[in-house]
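Below is one structure, written out as structure tokens; comments come after it.
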Amino acid sequence: MFLIIIRSTMSDVTPLDKVGEFGLIRRIQQTVQLHQPSTILGIGDDAAILAPTAGQEVVVSTDLLVEGVHFDLTFCPLKHLGYKAVAVNVSDVAAMNALPTQIVVALSVPSRFSVEAVEELYEGIRLACEAYNVDLVGGDTTGSRSGLTIGITALGTAEAGKAVRRSGAGPNDLLCVTGDLGGAYLGLQVLEREKQAWQADPETQPELSKYPYVLQRQLRPEARMDVVHELRDLGVVPTSMIDISDGLASEVLHLCAASGTGARVFTENLPIANPTLEVAEEFNLDPIMCMLNGGEDYELLFTVPLSAHDKIKNHPDITIIGHMVDKSEGANLITKAGQPVPLRAQGFNHFDH
């Protein structure tokens, strides 16, 4: 890490203007394999051609990742960035209880990047496509006079009328979360600290070996498609669902607003991994704050009817963190002492300065 920008200045790399836009597209196209039966035509024409299965609805989601806003190439390897760009979009499809099928990638690349650097980015995209069984079917490339920008549109399918929205929760529904929380935020704290040390003394080697778990959570998160499949196998249909990109507190409030409910979230039920807890202690940060407001965990937050309790209570990767209540009760965090504290969203805001 801490070598990404330097790479593009080395003498053994190919400038982008040497191959041009179409040459770059041809090189990318050679690495793409199609697997989805709904993909009729992929990269190479003016548009892709898709044929969704009868009885299925198409879900579509788009995310932009902007250098300096969503990622820092000082410490974010390009292959990891490519993988993450796909994963965060697949996570949105998963949050609709849908299955991802195709992606379209738009890339705005500064001239400081080499052809090899772009290929490294696309290698991460390819690996994610393979992991989530999605087809890369098109996109666009252009130059950039500022930083790198990655725009990905993900498509998926759900049985007609069965996509899960944010608006279906009702009072007494159980509030559940997958995995554990706070790791991505603590991983970012480690990277930012080591970046500052490196900037002060470029001869300093970053101390990263102690933090594999939280760094993985930040640099290469996974969309929880596994849980989507497992819920289907259990016969459990969430009443509402959202992915955790901007922090748990923010997402709980989104579900409440869309569903017209309140919520009770119990601090003692919030899941945190031991490595995350250790890093929080090292940085003297409140673990509860990290879980509620850190963001970028890309876990799933969802509600299920009370009748589904027995089906999910022993699932090793699902935690019941609370339940929905009437809107008049508001959204509250319940402390270990039983005291309600109004839930506040302090996660990432794209328009903060």
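Quick check on the stretch 164-173. Is at least one of its residues without any contact (Cβ under 8 Å) to a residue 40 or more places away in the chain and touching a helix residue (DSSP H, G or I) at 6+ places or on another chain (Cβ under 8 Å)? Please lay out each step first, then the result.
So in the stretch 164-173, the residues without any contact (Cβ under 8 Å) to a residue 40 or more places away in the chain come out as none.
For the stretch 164-173, residues without any contact (Cβ under 8 Å) to a residue 40 or more places away in the chain and touching a helix residue (DSSP H, G or I) at 6+ places or on another chain (Cβ under 8 Å): absent.
Any idea which residue in the stretch 92-113 is nearest to Ile242 (Cα to Cα), counting only those that are among the β-branched types (Val, Ile, Thr) and open to solvent by less than 20 Å² (accessible area, probe 1.4 Å)? Talk me through it step by step, then tell me what you get.
If we filter the stretch 92-113 for residues that are among the β-branched types (Val, Ile, Thr), which is where we start, we get 93, 101, 103-105, 109.
Subset that is open to solvent by less than 20 Å² (accessible area, probe 1.4 Å): 93, 101, 103, 105, 109.
Working: Val93: 10, Thr101: 19, Ile103: 20, Val105: 23, Val109: 31 Å.
Per the criteria, the residue is Val93.
The set of residues in the stretch 26-58 that are open to solvent by 50 Å² or more (accessible area, probe 1.4 Å) and modelled with pLDDT under 85 comprises Arg26, Arg27, Gln29, Gln30, Thr31, Gln33, Gly44. Entry remark, the stretch 125-158: residues being among the β-branched types (Val, Ile, Thr) and either part of a helix (DSSP H, G or I) or under 13 Å from Gly82 (Cα atoms) (or both) number 4 in total. For the stretch 71-116, filtered to residues that are among the hydrophobic types (A, V, I, L, M, F, W, C) and in a strand (DSSP E or B), the residue that is nearest to the chain's Cα centre (by Cα) is Phe71.
Given the conditions (1) modelled with pLDDT of 95 or more; (2) open to solvent by less than 10 Å² (accessible area, probe 1.4 Å); (3) more than 30 Å from Ile334 (Cβ to Cβ), report the number of the one that Lys79 does not fulfil. Lys79 satisfies every listed condition except (2).
Looking at this structure, is Glu119 among the charged types (D, E, K, R) and either in a strand (DSSP E or B) or modelled with pLDDT under 95 (or both)? Steps first, answer last, please.
On the way: among the charged types (D, E, K, R): yes; either in a strand (DSSP E or B) or modelled with pLDDT under 95 (or both): yes.
In short, yes.
So that you can scan it fast, the table gives a plain yes or no per residue for (1) among the aliphatic types (A, V, I, L, M); (2) in a helix (DSSP H, G or I); (3) within 30 Å of Gln56 (Cα to Cα):
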| residue | (1), (2), (3) |
| --- | --- |
| Glu192 | no, yes, no |
| Trp198 | no, yes, no |
| Gln205 | no, no, no |
| His229 | no, yes, yes |
| Asp246 | no, no, yes |
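Restricting attention to the stretch 242-253, the residues that are surrounded by 21 or more Cβ atoms within 10 Å (Cβ to Cβ) and over 15 Å from Asp297 (Cβ atoms) total 0.
With the requirement that a residue be assigned to a loop (DSSP other than H, G, I, E, B) and either in contact (Cβ under 8 Å) with a residue 12 or more places away in the chain or surrounded by 16 or more Cβ atoms within 10 Å (Cβ to Cβ) (or both), what does the stretch 277-287 give you? Explain how you work it out, then say what you get.
Initial filter on the stretch 277-287 (assigned to a loop (DSSP other than H, G, I, E, B)): 283-286.
The answer is Phe283, Leu285.
Residues of the stretch 303-353 being in contact with an Asp or Glu (Cβ under 8 Å, 6 or more places away or on another chain), among the aliphatic types (A, V, I, L, M) and modelled with pLDDT of 95 or more, which ones? Result: Val304, Leu306, Met324.
Per the listing Cys290, Cys256, the residue uniquely open to solvent by less than 50 Å² (accessible area, probe 1.4 Å), in a helix (DSSP H, G or I) and either touching a helix residue (DSSP H, G or I) at 6+ places or on another chain (Cβ under 6 Å) or free of Cβ contacts under 8 Å to residues at least 24 places away in the same chain (or both) is Cys290. Taken residue by residue, the stretch 147-154 has no member that is touching a Lys or Arg at 6+ places or on another chain (Cβ under 9 Å) and more than 19 Å from Leu231 (Cβ to Cβ). The residue that is surrounded by the fewest Cβ atoms within 10 Å (Cβ to Cβ), counting only those in the stretch 324-343 that are in contact with a helix residue (DSSP H, G or I) (Cβ under 8 Å, 6 or more places away or on another chain) and under 14 Å from Ala257 (Cβ atoms), is Lys327. Residue count for the stretch 185-215 under the criterion of being open to solvent by 40 Å² or more (accessible area, probe 1.4 Å) and either of a type in the set (Ser, Thr, Tyr) or touching a His at 6+ places or on another chain (Cβ under 9 Å) (or both): the result is 4.
Which ones in the stretch 159-169 are in a loop (DSSP other than H, G, I, E, B) and open to solvent by 20 Å² or more (accessible area, probe 1.4 Å)? Once the filter is applied, which keeps residues that are in a loop (DSSP other than H, G, I, E, B) and open to solvent by 20 Å² or more (accessible area, probe 1.4 Å), the stretch 159-169 yields Ala160, Gly161, Lys162, Ala163, Arg165, Arg166, Ser167, Gly168. In the stretch 96-116, the residues that are at pLDDT 95 or above form Cβ pairs under 7 Å with partners that are of a type in the set (Ser, Thr, Tyr) and buried (at least 21 other Cβ atoms within 10 Å of the Cβ), at six or more places apart or across chains, as follows: Ala98/Thr157; Leu99/Thr157; Pro100/Tyr132; Thr101/Thr157.
The single condition among (1) in a helix (DSSP H, G or I); (2) open to solvent by less than 40 Å² (accessible area, probe 1.4 Å) that Val236 does not meet is (1).
The values are calculated or read from the model by the stated rules, or taken from the named source; none is laboratory data. Please read these numbers as outputs of a predicted model, since none were measured by experiment. Reconstructed Cβ throughout: ideal geometry from the backbone, glycine too, with neighbour counts over all protein chains shown. Heads up: the accessible areas ignore ligands, DNA and RNA and are worked out on the full protein's heavy atoms, side chains in. Shrake-Rupley method; radii C 1.70, N 1.55, O 1.52, S 1.80 Å.
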